[in-house]
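I have placed the structure first, in the form of structure tokens, so that the comments after it can refer back to it.
Nothing in this text is a laboratory measurement; each read-out follows from the coordinates by a stated rule. Values in this document were obtained by computation on a predicted structure and should not be read as measured data. Counting neighbours? That spans all protein chains shown, and the Cβs are built from the backbone with ideal geometry, glycine included.
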Amino acid sequence: MFSWPGSHLGHTHTPKHTLSSSDQEERQWLRELYRRRRREREEEERRRKREAEARRRRHEEEWRGLVETWKQEEKERHRKEQQEEEEGANPSPRHHQEAAYDWSGGSLVITFLNPPPSKVSQLLTQSVPASGNINLT
């Protein structure tokens, strides 16, 4: 192989004019192949990024919809609770959840800690029969 200036630096290059036409065609074909593959890789990467972004947006929109639905349900529940309390209806489940329970001497004492404004604190006492079943009527 002919040694060109600079080959002592580790650079060897075969000039095109010394390659046969079939070698030149093969190099051209390889260059085009590499370019095509690089373009395909880049296009595939862009497609994957677009799909990932679309998935992320869909997921975000689904959650936004769920949150909005939940907020509406909470507003409606709160409105109904207020309406029931104003009408003097049964206390809402929220009030039942905020209660103190005490088992003593075979009796269950339930004290509602946060009764509705229209009611006075309630104290329920019921004797527990031997069967263990309680009838709160």
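Things to note:
- Projected label distance in nm at Glu26 and Gln83, using a 7 Å step from Cα toward the beta-carbon: 8.6
- Integer Hz, Karplus 6.51/-1.76/1.60 couplings in order for segment 78-88, x for Gly and Pro: 5, 4, 5, 4, 4, 5, 4, 5, 5, 7, x
- Cα-based shape type of segment 19-89, given that a ≥ b ≥ c are square roots of the gyration tensor eigenvalues and the cut on a/c is 1.5: prolate
- ³J(HN,Hα), Karplus 6.51/-1.76/1.60, whole Hz, each residue of segment 59-75, x for Gly, Pro: 4, 4, 5, 4, 5, 4, x, 5, 5, 4, 4, 4, 4, 5, 4, 5, 4
- With each label modelled as a point 7 angstrom along the Cα→C-beta vector, the Arg48-Lys71 pair spans 3.7 nm.
- Local electrostatic count, Thr69, Cβ distance below 12 Å [Lys/Arg +1, Asp/Glu -1]: -2
- Per-pair calculated FRET efficiency, R0 = 30 Å: Arg57 and Arg36 via Cβ, rounded to 0.05: 0.45
- Dipole-positive endmost among Gly65, Gln82, Ala54 within segment 40-85 (Cβ charges, Cα centre): Ala54
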